[in-house]
Amino acid sequence: WQLTSRMFAAWRNVSLSRAVAAADSFSSLAPRQTLSLCSDRRRLRWTPSRQSSGKGFNVPPSAEFVARVSGINTMAKLPHQDSADGLDAAFIGVPIDTGTSNRPGARFGPRHIRVESALLRTYNSGTRAAPYESLMVADIGDVNVNVYDLKDTCRRIREAYRKIVATGCIPLTMGGDHTIAYPILQAVAEKHGPVGLIHVDAHADTSDVVLGEKIGHGTPFRRCVEEGLLDCKRVVQIGLRGTGYSPDSYEWSRAQGFRVVQAEECWFKSLAPLMAEVRTQMGNGPVYLSFDIDALDPGFAPGTGTPEIAGLTPIQGVEIIRGCRGLNLVGCDLVEVSPPYDTTGNTALTGANLLFEMLCVLPKVKYY
Ligand SMILES: [Mn+2]
């Protein structure tokens, strides 16, 4: 118990000196590391962790000092807090799969993304982003959904997100099936007005009615359009593919003014040039990023509800997210991770990494 409580102490509000002190408190547990701490400490001191604003930020403990297999699984090993108060960005789970049409299991998505996120470190080696040096971030837990009633769940999500966005905090959501994008966007658009949308998915999710139901994971963006939540000229859907109900499956999307980038247009290519066009399309207005893990090929991300072959690569997924840097992102989600179909954990691991990439492109993130 003593060990556990010390670890929690190390999690909290980690200024650099505290991180080093915490590391020292662990040195008796790992005597062989004591020597190397000296040089690590110099390096840590050099890292100008709080120079941008002078206020303390939450920084996950480094696995150099705190075993990554220890502790309670919050997203990225960040501290947990109950509300979004005082946060620039928050990871939040929405554990539902009541809207899923095929394989269930996405209700366990947030839990398993958190588990696999223990591997995340604090800097983005590829882009040199340092999100924890300029943003206050925490894991604020899960929306208390009603697993017996999808409409009531939507109401609960909408109300929870109203409170989050009212504080100015940017939500980074772990799904949950894609139904959740609808009530989230209701709350986001209530604050920001109609938003641009970067929707990465194997499916358009613009069905009207499925099995007599208006609410489900195949309908969220139809509902969003009906309610005026989207600035339709600033919507792009990327990665769409698979069999359809008609010869032109994406006709409705295009009729709304969406740009549709089918998976075939992405094959064998870097998506960096596409994202330059998307940034122009989005302009300076508020943008929401919704990333369905089934956009990726099921060879890379099999743990999902409605997989489609011949999808995007993880590299292309990362290119899309990194291509969002500079946009006025007001919210992001990563949905449809279904752990029962994720036998290696790699789908959840991919989700965790994509969420970290999203954090790295939020406004005001510091880059080296
Ligand atoms: Mn979807």
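Numbers for the structure displayed
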{"item": "Candidates Arg223, Arg234, Arg259, filtered to the one that is within 15 Å of the ligand (Cβ to nearest atom) and in contact (Cβ under 8 Å) with a residue 24 or more places away in the chain", "result": "Arg223"}
{"item": "The one condition in (1) surrounded by fewer than 24 Cβ atoms within 10 Å (Cβ to Cβ); (2) farther than 16 Å from Leu240 by Cβ; (3) touching a His at 6+ places or on another chain (Cβ under 9 Å) that Thr347 fails to fulfil", "result": "(1)"}
{"item": "Given (1) surrounded by fewer than 18 Cβ atoms within 10 Å (Cβ to Cβ); (2) small (Gly, Ala, Ser); (3) part of a loop (DSSP other than H, G, I, E, B), index of the condition Ser249 fails", "result": "(1)"}
{"item": "Top-ranked residue of the stretch 130-181 - restricted to ones that are among the aromatic types (Phe, Trp, Tyr) and surrounded by 21 or more Cβ atoms within 10 Å (Cβ to Cβ), ranked as farthest from Lys366 (Cα to Cα)", "result": "Tyr161"}
{"item": "Spans of helices (runs of 4 or more DSSP H) in the stretch 254-360 with at least 1 residues more than 25 Å from Arg128 (Cβ to Cβ)", "result": "272-282, 346-360"}
{"item": "Residues located in the stretch 162-181, provided they are touching a Leu at 6+ places or on another chain (Cβ under 9 Å) and away from the ligand (no atom under 16 Å from the Cβ)", "result": "Ile164, Thr167, Gly168, Cys169, Ile170, Leu172"}
{"item": "So Pro340, is it of a type outside the set (A, V, I, L, M, F, W, C), within 18 Å of Val94 (Cα to Cα) and away from the ligand (no atom under 16 Å from the Cβ)", "result": "yes"}
{"item": "Qualifying residues in the stretch 267-319 (those that are among the aromatic types (Phe, Trp, Tyr) and within 18 Å of the chain's Cα centre (by Cα)) - the one surrounded by the fewest Cβ atoms within 10 Å (Cβ to Cβ)", "result": "Phe300"}
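Every number here is computed from the coordinates shown, using simple stated rules; none is lab data. These numbers come from a predicted model, not from an experiment. Positions of Cβ are backbone-derived with ideal geometry, glycine not excepted, and every protein chain shown enters the neighbour counts.
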